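**Q** Right, I'll just put the structure down here and ask away after.
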Amino acid sequence: MAEQSSCPNCRRGPMDVFYEVAQAPTNSVLLLGTRQEALAFPRGEIALGHCAHCGFIGNTAFDPALTQYSARYEATQGYSPTFSAFHRRLAEDLIAQYDLHGKAIIEIGCDKGDFLTMLCELGDNRGVGFDPAYVPGRHTSSADLTFIADFYSEQYAAYRADFICCKMTLEHIPDTADFVGLVRRVIGDRPGPAGAPPIVFFQVPNAAYVFGDLAFWDVYYEHCSYFSLGALARLFRQEGFEVLDLWSAYEDQYLMIAARPGESAAGPTPPLPQEDDLAAIAQAVTHFTTHCPPLRAQWRAEIERLHSQGQRIVLWGGGSKGVSFLTTLGLTEQIEYVVDINPHKAGTFMAGTGQEIVLPTFLTGYRPDVVIVMNPIYRDEIQRSLQALGLSPDLRTV
């Protein structure tokens, strides 16, 4: 392992590189209209480093100038009944836990506005969402909503909130301490419009899940920052927040943190038991370093075997996991099509390898022999969809 620059999360520990991917597409979910555009898509390097001091993992070779976030960025998961049910339960739980009724809410990185709309409709709240990928008119709602198609920054400090939400965004930011520090500075000592210190809620992917489960398909260029529970909590404490709660969800795929500015009246709160994970995340990194290369070789060999036998293979999941799986393994002609239930992706192409993305109904004519599911949480949902189409392929899950 090569030692790199200091950790952007704690600003103290060195970053030891343990995993590299050459020529990864610099965006995974931009809508690409032709196969030629997809094959010629810009590439960047991934060199994941681990900080033993705080547990953070980040891409030490990341160049933010190579990524694009615009209306072409299509990461919406809301077309899945499984995900939609999770999203609604999360919104209901946050509304109940933090009394989000008639409150002002900001969402940083709101994507197309799904979650913010839900929070405002269910709790009669008013919301402001920030995201350069926002598309006007995607949703209709009678709630009091404002969307700003821009990155959140200090220029928007005039917008005050009782609840600040940031879901699946921090992992896209290389300088994590600077960003969380920015959020803390914008809050300052001002209470929210309801008169109490605002609650801050962040959701990120779970590094322990990714690296402990050898999920190399969850390593892609846009995700330049990876957190364990402890790394996340240490970051928020370091930047002036009191950690209120810390948990995982969605079969441990996501981490959640709730915090508020400043310290409690009794002084700094002690770390929560689940923050003591430095040894565990270091062990996960070692496990990944040792066992990921043979797993990659195993998947490549199996797909080559199936292809040589004339088996029709499709990937189910046209998002970042699918792009990473295909490009990391160098799969092009072995898999012709990728399935996705998001209608906005139909007829577009996978960055780097060029497979066309199709809707599930396409499979009734194509009749695949093998379907590879890119996220195990959707296996039952996908199996039901295939059965409804009268199909019974060999269903395999990464």
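The values are calculated or read from the model by the stated rules, or taken from the named source; none is laboratory data. These figures come from a predicted structure and were not determined experimentally. Neighbour counts run over all protein chains shown; Cβ positions are idealised from the backbone, glycine included.
**Q** Scan segment 362-374 and report the pairs whose first residue is in the same structural domain as residue 341 (by TED's automatic domain parsing) and whose second residue is basic (Lys, Arg) and surrounded by 13 or more Cβ atoms within 10 Å (Cβ to Cβ), with Cβ atoms within less than 6 Å and a gap of 6+ or a chain change.
**A** Correct list of pairs: 368/312; 369/312; 372/396; 373/379; 374/321.
**Q** Go through segment 317-337 and report how many residues are within 20 Å of the chain's Cα centre (by Cα) and not in a loop (DSSP other than H, G, I, E, B).
**A** Residues flagged as within 20 Å of the chain's Cα centre (by Cα) and not in a loop (DSSP other than H, G, I, E, B) within segment 317-337 amount to 9.
**Q** Any idea which of 178, 213, 218 is more than 19 Å from the chain's Cα centre (by Cα) and of a type in the set (D, E, K, R)?
**A** Within the list 178, 213, 218, the selection yields 178.
**Q** Working only within segment 90-112, note down all residues that are more than 20 Å from residue 160 (Cβ to Cβ), under 19 Å from the mean Cα position of the chain (by Cα) and either of a type in the set (D, E, K, R) or surrounded by 22 or more Cβ atoms within 10 Å (Cβ to Cβ) (or both).
**A** 91, 111, 112
**Q** Within segment 28-43, track down each residue that is closer than 15 Å to residue 330 by Cα and in a strand (DSSP E or B).
**A** 43
**Q** Anything in segment 291-320 that is buried (at least 19 other Cβ atoms within 10 Å of the Cβ) and in contact with an Asp or Glu (Cβ under 6 Å, 6 or more places away or on another chain)? List them, or say none.
**A** Within segment 291-320, just 318 meets the criteria.
**Q** What number of residues within segment 329-354 are polar (S, T, N, Q) and in contact with a Leu (Cβ under 7 Å, 6 or more places away or on another chain)?
**A** The total comes to 2.
**Q** Looking at (1) among the small types (Gly, Ala, Ser); (2) part of a strand (DSSP E or B); (3) more than 18 Å from the chain's Cα centre (by Cα), find the lone condition where residue 65 falls short.
**A** Condition (2) is where residue 65 drops out.
**Q** OK, next. Exactly one of these conditions fails for residue 202: (1) touching a residue at least 60 places away in the same chain (Cβ under 8 Å); (2) surrounded by 23 or more Cβ atoms within 10 Å (Cβ to Cβ). Give me its number.
**A** (1)
**Q** Right, another one. Considering (1) surrounded by fewer than 21 Cβ atoms within 10 Å (Cβ to Cβ); (2) more than 22 Å from residue 65 (Cα to Cα); (3) out of contact with any Gly (no Cβ under 6 Å at 6 or more places or on another chain), say which one residue 123 fails and leave the rest.
**A** All conditions pass for residue 123, except number (1).
**Q** Ok, one more. Hey, does segment 257-267 have a residue that's part of a loop (DSSP other than H, G, I, E, B), aliphatic (A, V, I, L, M) and not assigned by TED's automatic domain parsing to the domain that holds residue 332?
**A** The answer is yes, given that some residue of segment 257-267 is part of a loop (DSSP other than H, G, I, E, B), aliphatic (A, V, I, L, M) and not assigned by TED's automatic domain parsing to the domain that holds residue 332.
**Q** Search segment 49-70 for residues that are acidic (Asp, Glu) and pair each with any residue that is part of a strand (DSSP E or B) and surrounded by 18 or more Cβ atoms within 10 Å (Cβ to Cβ) when their beta-carbon atoms are under 9 Å apart and the residues are at least 6 apart or on different chains.
**A** Within 9 Å, the pairs are 63/44.
**Q** Let me ask something else about it. Considering segment 115-143 alone, what residues qualify as being small (Gly, Ala, Ser) and without any contact (Cβ under 8 Å) to a residue 24 or more places away in the chain?
**A** Within segment 115-143, 127, 129, 137, 142 qualify.
**Q** Of the residues that sit in segment 123-143 and are modelled with pLDDT under 95 and more than 21 Å from the chain's Cα centre (by Cα), which one is nearest to residue 62 (Cα to Cα)?
**A** Residue satisfying both the conditions and the ranking: 136.
**Q** Something else about it: Return yes or no: is residue 314 part of a helix (DSSP H, G or I) and touching a strand residue (DSSP E or B) at 6+ places or on another chain (Cβ under 8 Å)?
**A** In short, no.
**Q** Let me ask something else. Between a residue in segment 283-311 that is farther than 29 Å from residue 56 by Cβ and any residue that is assigned to a helix (DSSP H, G or I) and of a type outside the set (Val, Ile, Thr), which pairs come within a Cβ distance under 8 Å, given they are 6 or more apart or on different chains?
**A** Filtered contacts from segment 283-311: 300/329; 303/329.
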